[in-house]
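For reference, the structure discussed in these notes is given below.
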Amino acid sequence: MTNLIVKTFIKDYKNVTDSKVRMKYGILSGCVGIALNVLLCLMKFFVGSITGSIAITADAVNNLSDAGSSAVTVFGFKMAGKPADKDHPFGHGRIEYITAMIVSFIILFMGVELAIQSVKKIRTPEDVKFSLIGAVIIAVSILGKLWLAFFNKNLGKRIDSPAMTAVVADSLSDIAATSVTLIALVLSDFFPSLHIDGWLGILVACFVLKAGLDIFRDTLSSLIGQPPSKELVEEMKNKILSYDHVSGIHDLIVHNYGPEHFFATVHVEVPSDIDVMVGHDIIDNIENDIKKDMGIDLTIHYDPIVVNNERVTELKEMTENIVKGINPEFSIHDFRIVDGPMHTNLIFDVVIPYGFAESPDAVIEEISLKISEVNSSYFSVIKAEHSFV
């Protein structure tokens, strides 16, 4: 059914990297959410009015607020799909993260409200009156919400959307909360004096709050800045290294301005003895192909390296062995030597993983000492840095 809905309302539905197509997915998700929640709200208000059930009427209000959440999703995707302009040259894609954060606040609010109401029920328990039609309506509501969760999960997977992940969590939280009402309603028919709805509500509130906090934390991390996925890094590395005359890469940095709007910079190592115009042409081809094939705006630093000098190769291997001997996770790049009348400078960068106990200065000092122990005429000029991928 999801495929049918998508094909009906999104013509170019396979082109998920296009910002306009992403926007259509988001609007579709929000509109379906609004329609379903309004329908459930009207059904519950009608049944609640007939049966006099406060629980069902309260659940109707909850569906109305869920329709509001869906409206936020529509607005967020509409804004995120706007093209770049003078004030926002990188586009508006990060609004999708803000949308997810707003939904996380709604989930957290619902969790707190559910916890408060549950505590009140524990302190002053009330008899729950069983209603068959009420139980049926609540069961239908749960099934509807379950379908909506799977629907949004499917859409979110297609476009890798944090906002839709938040909407799925919102639906699952609603399912959990509504299930408490249904369980309490059914048990009241068998055990009229049993008042467990408050305790069940507390349990569900904990799950709802955790879901909200998880969405908030993940969205906040995206806004602050996260490293790219290993799959993306490997794909970029393999593609760049497949070009003629490319000896290696380092200092790869990837950042985004929305889930599908990536920018990257990288240092590409090219033999120093090839014609500079040939090297420049290679760099241009890589940048253009990465943009065409991966949708990433890539800027490359041309890094010429000496490849046919035995002495440079020997000293580089010696340095790598020393660095790896200190910590196998360390790596070096940009290695070069400058000979002087009294000593030889070994110039290179060392990459230190995050969380390493020693300070960068201590690492530099240790490497320099071990290199000078090999030959006192070797002076180390080292720059320590962390990897961004």
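Every read-out reported here was derived from the displayed coordinates using simple, explicitly stated rules and does not represent laboratory data. None of these values were measured; they are calculated from a predicted model. Cβ placement follows ideal geometry from the backbone for every residue including glycine, while neighbour counts extend to all protein chains displayed.
Compute a Gaussian network model of the chain, connecting alpha carbons closer than 10 Å, and tell me which residue from HIS92, HIS333, HIS255 fluctuates the most.
Top of the fluctuation ranking is HIS333.
At a threshold of 8 angstrom on Cα-Cα distance, excluding pairs fewer than six apart, so keeping six or more, what relative contact order does region 111-192 reach in percent?
42 percent
Can you tell me which lysines have their Cα less than 25 Å from the Cα of LYS7? Leave out same-chain residues fewer than eight positions away.
LYS20, LYS24, LYS78, LYS82, LYS145, LYS153, LYS157
Explain nothing, just compute: Karplus ³J(HN,Hα) = 6.51 cos²θ - 1.76 cosθ + 1.60, θ = phi - 60°, for every residue of region 7-21 in order, whole Hz, x for Gly and Pro.
Those phi angles translate into 5, 6, 9, 10, 5, 9, 5, 7, 7, 6, 7, 6, 4, 5, 5 Hz.
In whole Hz, what ³J(HN,Hα) sequence does region 87-95 give by Karplus (6.51, -1.76, 1.60; θ = phi - 60°), x for Gly and Pro?
With the stated coefficients, region 87-95 comes to 7, 9, x, 9, x, 10, x, 5, 4 Hz.
Cross-link candidates for LYS370: which lysines have Cα within less than 22 Å, leaving aside residues fewer than 8 places away along the same chain?
Straight-distance partners of LYS370: LYS316, LYS324, LYS383.
Out of ASP297, ASP160, ASP349, any idea which swings most in a Gaussian network model of the chain, alpha carbons joined below 10 Å?
Result for the chain, Cα springs under 10 Å: ASP349 fluctuates most.
Using the crude model of +1 on Lys and Arg Cβ and -1 on Asp and Glu Cβ, and no other charge, please compute the dipole size for region 147-206 relative to its Cα centre, in debye to 20.
280 debye
Could you work out the relative contact order of the chain? I mean the mean sequence separation of Cα pairs under 8 Å and 6+ apart, divided by the number of residues, in percent.
12 percent
Under the Karplus relation 6.51 cos²θ - 1.76 cosθ + 1.60, θ = phi - 60°, what is the ordered set of whole-Hz ³J(HN,Hα) values for region 165-178, x standing for Gly and Pro?
Rounded to whole hertz, the list is 4, 5, 5, 4, 4, 4, 5, 5, 5, 5, 4, 4, 5, 5.
What residue among VAL32, SER69, PRO125 has its Cα farthest toward the positive end of the dipole of region 14-136, where the charges are +1 on Lys, Arg and -1 on Asp, Glu, each on the Cβ?
Checking the options against the dipole of region 14-136, the answer is VAL32.
Can you tell me the 0 to 90 degree angle between the C-alpha axis of helix 276-294 and the longest principal axis of the chain, rounded to 10?
Approximately 10 degrees, to the nearest ten.
Once amide H atoms are placed 1.01 Å from N in the peptide plane, what residues at a sequence separation of 5 or more from THR344, or on another chain, have their amide H within under 5 Å of its amide H?
Hits under the 5 Å cutoff: TYR378, PHE379.
Taking the chain as a Gaussian network, Cα atoms linked when under 10 Å apart, which of ILE175, ILE116, ILE142 shows the biggest mean-square fluctuation?
Result for the chain, Cα springs under 10 Å: ILE116 fluctuates most.
Over region 2-224, what is the relative contact order in percent, taking alpha-carbon pairs closer than 8 angstrom and at least six residues apart?
Computed value for region 2-224: 24 percent relative contact order.
Using amide H atoms built 1.01 Å from N in the peptide plane, name the residues 5+ places from ILE296, or on other chains, whose amide H lies under 5 Å from its own.
Sorted by chain and number, the residues that satisfy this are LYS291.
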